[in-house]
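J.: Let me begin by handing over the structure; questions about it come next.
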Amino acid sequence: MFQCPACGELLEALTHVHCRSRHQLSKDELVARYGQPKYVAPQMSREIQRWIRESQIITRLDFEMAQASVRNQFRRRY
Ligand SMILES: [Zn+2]
């Protein structure tokens, strides 16, 4: 994985499409201005994967809390 030197976004590779659509620069111009894209080591992407998993756990907890609040409303009504 590579990190865009301009905006820090993680990409499979620094592409012309990204440079053009996000920065209105060609890839060469972007590299000349901001430097080479930073290679992100696999250890780093494991960190990101863990972070994504933790985010999903939080989302699931939020969902269960929402469900519980719906059940409470149901109980109060009847
Ligand atoms: Zn970028």
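The values are calculated or read from the model by the stated rules, or taken from the named source; none is laboratory data. What you are looking at is a predicted structure, and each value in this text was computed from that prediction instead of being measured. Positions of Cβ are backbone-derived with ideal geometry, glycine not excepted, and every protein chain shown enters the neighbour counts. The accessibility values were calculated without ligands, DNA or RNA, using every heavy atom of the protein model including side chains. Shrake-Rupley method; radii C 1.70, N 1.55, O 1.52, S 1.80 Å.
J.: So how long is each side of the chain along the principal axes, counting just the alpha-carbon atoms, biggest first, in Å?
T.: 68, 29, 14
J.: Okay, next question. Give the residue list of GluC sites (Glu not before Pro) in the chain that are DSSP loop and have at most 14 other beta-carbon atoms within 10 angstrom.
T.: Numbers: sites: 9, 12, 29, 47, 54, 64; in loops: 9, 12.
When the GluC sites (Glu not before Pro) of the chain are filtered for loop state and at most 14 Cβ neighbours within 10 Å, 9, 12 remain.
J.: Could you do me a favour and compute the accessible area per residue for the chain, 1.4 Å probe, result in Å²? Don't jump to the answer; show the numbers that get you there.
T.: Values: 6600 Å² over 78 residues.
That works out to 85 Å² for each residue.
J.: Okay, next question. Per 0.36 nm of contour for each residue apart, how much would the distance between residue 28 and residue 67 grow if the chain were fully extended, relative to their Cα-Cα spacing?
T.: Stretched fully, the residue 28-residue 67 segment lengthens by 8.9 nm.
J.: In the chain, if the dipole is taken from +1 on Lys/Arg beta carbons and -1 on Asp/Glu beta carbons about the Cα centre, which of 32, 68, 13 is farthest to the positive end?
T.: Of the listed residues, the answer is 68.
J.: Report, in debye and to the nearest 20, how large the dipole of the chain comes out about its Cα centre when Lys and Arg carry +1 and Asp and Glu carry -1 on their Cβ. Intermediate results must be reported in sequence, preceding the final value.
T.: Numbers: 13 positive and 8 negative charges, 111 e Å.
Dipole magnitude for the chain comes out near 540 debye.
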